[in-house]
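The values are calculated or read from the model by the stated rules, or taken from the named source; none is laboratory data. None of these values were measured; they are calculated from a predicted model. Cβ placement follows ideal geometry from the backbone for every residue including glycine, while neighbour counts extend to all protein chains displayed. These accessible areas exclude ligands, DNA and RNA; they are computed on the full protein's heavy atoms, side chains included. Shrake-Rupley method; radii C 1.70, N 1.55, O 1.52, S 1.80 Å.
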Amino acid sequence: MNHLSRQQVFALIDGQLDDAEERTCNAHLAGCARCRNEVALQRSLDTAVENLPLERTSSWFTERTMNRILRAGKQSLSYRILQHVGSAVAMVAVLVVLGYILSSPSELLVGNDDSASSSLFSSWKTFYNNVSAAVSQNATRLNNVFAGQTATPVTKIIATTLLVLVVLAGLDRYVFRKVVRMKI
Amino acid sequence: MANPDYETIQRILAGEKRAYAELIDRHKDRAMTLALRMLKNREDAEEALQDAFVRAFNALSRFEWKSSFFTWFYRIVYNVCATVLSRRGDESFSSVDDDEGVTGELPSLDKLPDTDYEGLEFRRIVQREIDRLPPVYASVLTLFLIQDLSYDEIVEATGLPLGTVKVRLFRARGMLRDAVIGALDEGSQQSSQRKVALKP
Ligand SMILES: [Zn+2]
């Protein structure tokens, strides 16, 4: 018999030969060092490849993949609205506190009478008053457009709320998120 | 059923989405090994693997247990990596001639290279040469030896016909063998030259 072919070597190692073929191969191997070497080498190679360490993903791989999966599942409108409620509440709170301070500086800023800061506050107060006047005016206009003859204090509150929400959404979309992304 | 993947997948399908992390942890390193052997670049491999996990998650309800989860999942990894390779313009992967004769004579091996076949140096050479194998061969060899898949499972995981799997596997092992023998010969020549040079 000739030396074992490559196919025979692999088939022998993988146990893919039928009994007759295997007997013939083994009989040859018993008398041929070259083919014994070949089989031994191939076995060592297979073992070496099997025992190579597995490649590792970076440590945050699972977390990042899960985030991607879970985020993709939550793109519903209600989720997106909820995402913005937090920043809207924060902005309303800031505006209310600022408005309260600026509308009653005499009570809160007693003893803090230097002219630079009081002029700063008065200009802030003017600005705040102008803004609230503008909101109120536009809310009235909105109220008249939608409610017309049936306009009541309740519809005026609804119109004001709507207007404020639109302004907040705009601020959130174009200012707040950009500031957050800047990672101050 | 004693299959941990089966139990995990039932929980995910029942709405416990976070249980998918267990499946990722269980299979990511083996799958990463396959992806890296194919793409040869850690960043690309990790991105492809992430894509594959997201796709598998989205298709999980359609998985019918005709094969094991990981065989099914390897097929997704294999396909994603194949797409990356073709996007790179690597045509070696899609246009392989699997009909070419494979009855190459074995180069004579009258004497085994004098090496410690369980040693670190041998393993280092094997690792280097397997990293150098073309993706088309590295992929089947990895599935066969590292993932310990049977021929039929490799057929399942690659979508290739059985004959093609056998031919590629045969070539992959032959190429690796020749490359490793070449590296060992080179190494022994260098060391014997060094010994000659050291003689007074
Ligand atoms: Zn022989």
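Taking region B:86-139 only, how many residues are modelled with pLDDT of 85 or more and aliphatic (A, V, I, L, M)? So the count comes out to 7.
Conditions tested, residue by residue: (1) touching a strand residue (DSSP E or B) at 6+ places or on another chain (Cβ under 6 Å); (2) within 16 Å of the ligand (Cβ to nearest atom); (3) over 29 Å from B:SER139 (Cβ atoms).
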| residue | (1), (2), (3) |
| --- | --- |
| A:GLN8 | no, yes, no |
| A:GLU22 | no, yes, yes |
| A:GLU38 | no, yes, no |
| A:SER44 | no, no, no |
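Just the residues that are in a loop (DSSP other than H, G, I, E, B) and under 24 Å from A:ALA48 (Cα atoms), please, taken from region B:142-164. B:GLN147, B:ASP148, B:LEU149, B:SER150 - these are the residues of region B:142-164 that are in a loop (DSSP other than H, G, I, E, B) and under 24 Å from A:ALA48 (Cα atoms).
Search region A:95-147 for residues being part of a helix (DSSP H, G or I) and of a type in the set (D, E, K, R), and hand back the single one that is modelled with the lowest pLDDT. If you could, list the steps in order and put the result at the bottom.
The initial filter retains those residues of region A:95-147 that are part of a helix (DSSP H, G or I), namely A:95-103, A:105-108, A:115-147.
Next cut, of a type in the set (D, E, K, R) only: A:107, A:125, A:141.
Values: A:GLU107: 53, A:LYS125: 75, A:ARG141: 81.
Here the answer is A:GLU107.
Out of the residues in region B:121-168 meeting the condition of being over 10 Å from the mean Cα position of the chain (by Cα) and among the small types (Gly, Ala, Ser), tell me which one is least open to solvent (accessible area, probe 1.4 Å). Selected residue: B:ALA157. When residues in region B:27-62 are screened for being surrounded by fewer than 15 Cβ atoms within 10 Å (Cβ to Cβ), touching a helix residue (DSSP H, G or I) at 6+ places or on another chain (Cβ under 9 Å) and within 11 Å of chain A (Cβ to nearest Cβ), 1 of them pass.
Of all residues in region A:1-52, exactly one satisfies the criterion of being over 20 Å from B:ASP152 (Cα atoms), acidic (Asp, Glu) and touching a helix residue (DSSP H, G or I) at 6+ places or on another chain (Cβ under 6 Å), namely A:GLU38. Per the conditions (1) within 12 Å of the ligand (Cβ to nearest atom); (2) loosely packed, with under 13 Cβ neighbours inside 10 Å; (3) basic (Lys, Arg), the sole criterion not satisfied by A:ARG34 is (2). Looking across region A:10-20 at every residue that is part of a helix (DSSP H, G or I) and open to solvent by 50 Å² or more (accessible area, probe 1.4 Å), the one that is farthest from the ligand (Cβ to nearest atom) is identified as A:ASP19. Only residues that are surrounded by 11 or more Cβ atoms within 10 Å (Cβ to Cβ), at pLDDT 75 or above and under 17 Å from the mean Cα position of the chain (by Cα) were counted across region A:64-94, and they come to 8.
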